[in-house]
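Single-structure report; data block below.
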Amino acid sequence: GYYVERRATSAWHYTNAKSRDFSEPLSEPAFKITAELRNPEVAEEIASRHPACTLVKFAGTNLFRFVHRNAGKIHAIRRIAELNHMQLSEVAAFGDDYIDIEMIRNCGCGVAMENAVPEVKRVADAVCGTNDRDGVADWLEKFILN
């Protein structure tokens with residue numbers, strides 16, 4: 001595993017998590033924490049002790065992300081839209097995993113990748129090609145650039 005305690009000037013500074021004693025508090029506030037946990041109930045129990053955080057599971061893995069509830073993708077998109085004098089109804093968002101559901105639901109056009117988890121596809125307005133076969137670029141060319 002790895003752990004990041006600070007951002008270096010050009011890239012994240014990673015430290016092997018096995019060398020860190022996580023029983024003590026981190027020296028800086030955490031932006032997000034991703035943990036590999038074999039038992040989802042453990043992740044849910046941890047999340048229940050931190051109501052300011054949202055718990056997100058990554059599809060097909062034992063990875064869980066704990067992130068401040070106001071730090072999700074939709075919050076960033078809202079801010080970018082605001083700065084560009086746009087409404088969310090004018091924004092297309094693309095996603096493939098659980099962490100993308102809120103963004104897909106709330107933007108004007110939510111597009112699921114072909115390889116998205118079924119839950120993302122269910123809330124999406126459209127589906128484009130896979131993320132490793134230029135699905136977003138193809139969708140943009142077809143629906144925005146033409």
Sulfur and carbon atoms: percent of accessible area, the range 33-132 [1.4 Å] | 51 percent
What figure in square angstrom, to the nearest 10, would you give for the accessible area of residue 79 with a 1.4 Å probe?
-> 120 Å²
Karplus (6.51, -1.76, 1.60) ³J(HN,Hα), θ = phi - 60°, over the range 129-146, in Hz, Gly and Pro reported as x | x, 5, 6, 9, 10, 6, x, 5, 4, 4, 5, 4, 4, 6, 9, 10, 7, 9
Per-residue ³J(HN,Hα) for the range 105-120, Karplus 6.51 cos²θ - 1.76 cosθ + 1.60, θ = phi - 60°, Hz, x for Gly and Pro | 5, 9, 8, x, 9, x, 10, 8, 6, 4, 8, 5, 5, x, 5, 5
Whose amide H sits under 5 Å from the amide H of residue 34, counting only residues 5 or more places off or on another chain, with H placed in the peptide plane?
-> 66
Return the long-range amide H neighbours of residue 114 (sequence gap of 5 or more, or a different chain), with a cut-off of under 5 Å between placed amide H atoms.
-> 128, 129, 130, 131
Heavy atoms of residue 68 accessible to a 1.4 Å probe, total area in Å² rounded to 10 = 80 Å²
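The values are calculated or read from the model by the stated rules, or taken from the named source; none is laboratory data. No experiment lies behind these values; they were computed from the predicted model shown. Calculation scope for accessible area: heavy atoms of the full protein, side chains included, ligands and nucleic acids excluded. Shrake-Rupley method; radii C 1.70, N 1.55, O 1.52, S 1.80 Å.
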